[in-house]
Structure formats: C-alpha cells, structure tokens
Amino acid sequence: MWMEGAMAAGSVTNLPNPNRPPLLAADTVTKSFGTTSITEVLGGVSFSVTEGEFVSVVGPSGCGKTTLLLALSGLLRPDGGDVSFAGASVRGGTPPGLAIVFQDYSRSLLPWKTNLGNVLFGMRRVNDVSAAQKTERAMALLDSVGLNGFERHYPWQVSGGMQQRVAIARGIASQSRLLLLDEPLAAVDAQTRAEMQDLLLGIAKQYGQTCVLVTHDVEEAVYMGDRILVLSNRPARVVREIAVALPRPRDQIETRESAPFLAIRHEVLSLIRSMRRGGATGAAP
Amino acid sequence: MIWLHRAIALTLIVTIWQIGVWAALVPERFLPAPWTVIQALARILTSPDDMRAVAMTLLRALAGFALTVPLGIALGALAAFVPQVERALRPWTELLRPLPPAAIIPISIFTIGFGLKLYLFIITFAAIWPVYFNTLAAFAGTNDVLMRTGHAFGCSRTALVREIVLPHALPQIFIGIRIAASVALIGSVVTDIFAGQTGLGYLLFERAFALRVPDVFALTLICGLNGMLFNQMVLLLRRLVIGWHDQMMAEAAA
C-alpha cells in the first residue's frame with residue numbers, strides 16, 4: 001500500500017532507512033473513552049517516523065487525530081500499545097526533545113508572560129546554559145519566526161498568526177528534535193496559513209526538526225509532508241501511507257499546480273471520501 | 001474629559017441637595033445644607049479624638065482584611081485540590097455564607113468577648129466568602145490546553161501549580177479580594193456600632209442619638225471615603241501582582 005502512493009507521486013525520495021532506528025514509533029496504540037458507553041477512538045495505530053522526516057497525518061473529521069497526537073506526546077496514556085521516542089517509551093510524560101504545538105494558541109500561550117517569557121518557558125528543562133544565554137537564544141528564535149520587535153509584547157497584543165509563531169518558537173526553544181503539530185494553522189486566516197506553512201517548513205529545516213503534522217486540510221498535508229498517513233474513521237488506524245516525492249523547497253504556486261501534487265491530493269481525497277461515504281472503520285485496505 | 005464629567009455630576013448632586021434643603025421637604029435639622037455638612041466634616045477631620053476613631057476602624061478593617069485574604073485563598077485552594085473537602089464543607093458554607101455580619105455579633109460576643117479579636121472574627125467571617133468561592137472556582141477552572149502545555153514542557157505537580165494554575169487563577173482571586181476589602185470595612189463599622197466602645201461606627205451612632213445631624217452626615221461621608229481608599233489600595237495591589245491583566249482588560253475595552 002505504501003508503494004501505491006509512491007507510484008502516484010513519481011519517484012520515492014524519503015524511504016525510511018531500515019538501518020536507522022525511528023525517532024518516533026507508535027506500536028498498535030489503542031485508546032477508548034467513556035465508562036458506560038465506550039467509544040473506541042484509536043483502534044491500533046502503528047507507524048514510525050525517521051529523524052528528519054516531515055510526516056502529515058490526515059483522516060476523516062472526528063477520527064481521533066488529536067487523541068493520537070496527545071498519545072504520541074505522552075500527554076495521554078494509551079490503553080494498549082506503546083509510543084516510543086528516541087528508543088524510550090513516552091509513558092512517563094512528554095520527554096525532553098519532544099515539543100507539541102497546539103491548535104488553540106490563544107489558550108496555550110501563557111497570557112501573563114510576554115512573547116519572550118513564553119519562549120523562555122519553553123526552555124524550562126534546558127539547564128546547561130545561563131539565563132543570559134537563554135534570553136539570547138529566545139530572542140534569536142523569535143527573530144527567526146519573524147517576531148523581531150515583538151519580544152516584549154504580550155501574546156494577546158499580537159495577531160493570531162503571530163501568536164502561533166510564538167508557540168512554534170517556544171516548542172523549538174525546548175531544544176526539540178521532534179515537533180508534534182496539532183492542526184497548528186486551523187485557526188489562522190487563509191492568507192496567513194500559506195505564509196505560515198512556508199515558515200514552518202523553513203524553521204523545521206533550519207533547526208533540524210522532525211515533524212508530525214496533524215491536519216484536516218489535505219492540500220496542506222501534501223504540500224508540507226514527505227509522507228502522508230491516512231487514518232480511518234473511528235476507531236482510527238493507519239489505512240494508507242503515501243510518500244510525497246515532491247521536490248523541495250516547495251512553492252505555494254508551482255508545487256500546488258504540479259501533476260504529482262494533484263495526483264496525491266486526488267488519492268487522499270478519494271480515500272477519505274470513500275471512508276466518509278462507506279462509514280468504514282479501520283479495516284485493513 | 002472624565003474630570004469635567006465628574007465635576008458636572010458633583011455640582012448637580014450638591015445643587016439638588018441644596019434645592020431640597022431650601023424647599024424644606026425635610027426639616028433642616030434632619031437634612032442639613034451641604035455647607036453645614038462640610039463644616040461638620042472639617043470639625044471632625046481636625047479633631048484628634050474623632051480622627052483616632054476613624055483610624056481605629058480603618059486599621060481594624062485592614063488587619064481583618066490581611067487575615068482574611070490568605071486564609072480564604074488557602075481554604076479555597078484546599079477545597080479545589082481536595083474535592084472531598086469541598087463536598088463535605090458545602091452545607092456549612094451554604095449555611096454560613098448568607099449570614100449578615102451583624103447577625104453573628106451576639107454569638108461572637110458570648111464566645112469570644114470584646115476587643116480586637118471580636119473585630120477580626122466578624123470581619124473574617126463576613127469577608128472570607130468572596131475570596132474562598134472565587135479561589136475555589138479559579139483553581140478548579142484551569143483549562144485543559146493550559147494544563148497540557150504545562151505537562152508538555154515538563155512541569156511537575158508543584159511546578160504546574162506555581163507556573164500555570166496560580167498565575168491563571170490570580171485575576172479571578174482578585175475579584176474576590178476586591179469584594180472582601182469592602183466587606184471588611186463594612187464588618188469593621190458594623191462591629192463598632194453593635195459592640196464597639198470606639199471607632200467610626202460607634203461615633204456615628206453616638207452623634208445620631210445626640211441628634212448632631214450634620215456630624216452624622218459627615219461621618220457617613222467618611223465611611224464612603226474610607227471605602228474608596230480601600231478600593232484604591234486593592235487596585236494598587238492588583239496592579240503590582242497582575243499588572244498584565246489590568247493592561248489586557250484595558251486594551252480589550254479600548
């Protein structure tokens with residue numbers, strides 16, 4: 001099934017290297033909610049992410065994408081299966097090196113701290129540098145997300161797009177290797193979104209971040225990703241992995257108009273539509 | 001601009017008052033003219049004995065307030081973090097909360113006696129509720145995203161309280177603190193009236209029974225001015241502790 005996508009996309013450039021251990025691995029992760037009426041949300045999700053990859057996760061609405069991301073980050077304990085980051089289970093909570101960027105930036109940023117203070121909060125587990133060095137790094141990070149001059153502003157004094165940039169900078173400030181992005185651009189307006197997509201790709205490259213992006217926007221998933229994981233309806237499973245062999249750097253106009261982009265978009269959209277129509281759950285394809 | 005509006009409002013109120021006096025709707029010995037009240041006010045403000053009484057009332061209110069705030073926050077936090085405590089205490093909080101401070105004065109005198117400890121008890125009893133309930137609600141109401149953010153950046157349980165829960169709760173706790181400040185002043189004056197040998201409330205009733213009506217008006221005015229003073233004190237405290245929130249509210253209103 002992995003090859004189907006590969007053929008649709010042309011040549012494969014990001015085959016996971018079997019000799020390198022994955023940075024993140026989910027092994028048949030299951031999760032249910034409720035006590036009297038039980039809702040099975042994750043029905044055995046398995047996949048792995050290699051260092052340096054950008055993986056997009058898409059699926060029908062309400063399929064449990066956010067639940068999956070919480071489980072990946074160690075914020076939510078799965079009922080069954082396990083998630084490991086850099087070879088160790090995340091059972092004990094979010095490990096250093098793993099950062100999460102939430103969709104709801106306005107509630108995730110601390111309103112009592114300035115933008116700089118929020119980025120410094122991201123460094124609370126970084127203890128091999130002095131306070132002055134931390135501030136210097138935080139200023140540099142804010143500069144690289146385009147917030148030069150807004151360091152002393154509070155998050156509620158800047159626009160939504162800028163708030164999400166602060167949240168991204170805060171994630172990377174924790175010296176992360178892996179960024180988990182939970183629909184980070186769903187709440188910003190369409191114009192800002194395209195700009196933020198390119199910013200995220202640039203930042204991920206600049207700071208050597210491996211990324212897992214959960215999104216409901218299929219075009220965004222294709223545009224951003226090296227690989228796309230398509231989830232089924234609840235209980236969610238990975239029903240297809242599609243390699244996105246589009247050249248980088250991506251371009252908002254050229255890439256989105258290229259034949260391979262449209263082919264992958266077509267494949268993912270058809271798959272999601274068929275699941276929506278059929279109401280199918282995560283039976284193996 | 002705002003000062004102009006306030007000056008106009010003040011002039012209007014004083015004018016209506018003066019017209020009421022001239023119209024003699026109420027005999028002048030019961031409704032003194034503004035100027036008579038100002039003269040009485042000046043007399044009280046320059047009388048060391050009277051001013052000592054005013055200061056006593058303020059200081060007792062301040063002491064009661066200083067005792068109430070940490071106690072209310074501590075109990076509210078306990079109730080928020082140990083829900084069993086909150087559930088067990090709820091019938092008692094519901095029973096005691098609506099009691100007016102004056103209603104508990106007899107029982108308090110029987111059990112505690114007179115003096116400063118009586119004041120502290122009455123004030124705390126009356127003023128603790130807004131602090132307690134606002135603290136309880138604030139600590140119980142931290143949103144999921146904020147808590148997850150704390151966890152995601154490696155906050156331990158204590159770090160979570162210190163870095164997320166407490167700063168998030170402070171604006172709401174201050175709502176309770178601000179109400180408690182005025183209730184503390186009310187408690188102090190009411191205790192003066194019913195159980196005091198000194199103080200503003202005692203003075204007020206002493207002059208009232210002597211039918212020194214201009215003094216009664218002036219002392220009532222001082223009660224209100226004390227409330228304004230207390231409010232300004234709390235606003236200053238709030239600006240020092242959660243200045244960011246004042247600024248956020250101001251910008252949201254602008």
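The values are calculated or read from the model by the stated rules, or taken from the named source; none is laboratory data. Bear in mind the structure is a predicted one, so any value in this text is a computation, not a measurement. Please note: Cβ atoms are built from the backbone with ideal geometry, for glycine as well, and neighbour counts cover all protein chains shown. Remember, those area values only see protein heavy atoms, side chains included, never the ligands or the DNA or RNA. Shrake-Rupley method; radii C 1.70, N 1.55, O 1.52, S 1.80 Å.
Values for this structure:
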item	result
Those residues of the range A:155-173 which are buried (at least 18 other Cβ atoms within 10 Å of the Cβ) and within 14 Å of chain B (Cβ to nearest Cβ), in sequence order	A:PRO155, A:GLN163, A:GLN164, A:VAL166, A:ALA167, A:ILE168, A:ALA169, A:ARG170, A:GLY171, A:ILE172, A:ALA173
Residue identified as open to solvent by 10 Å² or more (accessible area, probe 1.4 Å), more than 25 Å from A:LEU199 (Cβ to Cβ) and free of Cβ contacts under 8 Å to residues at least 12 places away in the same chain among A:SER84, A:SER61, A:SER48, A:SER89	A:SER89
Test: residue in the range B:236-254 that is within 22 Å of B:LEU185 (Cβ to Cβ), within 14 Å of chain A (Cβ to nearest Cβ), in contact with a Leu (Cβ under 8 Å, 6 or more places away or on another chain) and surrounded by 13 or more Cβ atoms within 10 Å (Cβ to Cβ)	yes
Residue check, B:ILE179 in contact with a Pro (Cβ under 7 Å, 6 or more places away or on another chain), more than 29 Å from B:PRO32 (Cβ to Cβ), β-branched (Val, Ile, Thr) and open to solvent by 70 Å² or more (accessible area, probe 1.4 Å)	yes
Filter pass, A:LEU142 being open to solvent by less than 10 Å² (accessible area, probe 1.4 Å) and within 21 Å of A:GLN197 (Cα to Cα)	yes
Test: B:VAL213 is within 20 Å of the chain's Cα centre (by Cα), buried (at least 19 other Cβ atoms within 10 Å of the Cβ) and more than 14 Å from every other protein chain (Cβ to nearest Cβ)	no
Qualifying residue in the range B:38-49 (condition: under 30 Å from B:PRO171 (Cβ atoms), in contact with a helix residue (DSSP H, G or I) (Cβ under 8 Å, 6 or more places away or on another chain) and not aliphatic (A, V, I, L, M))	no
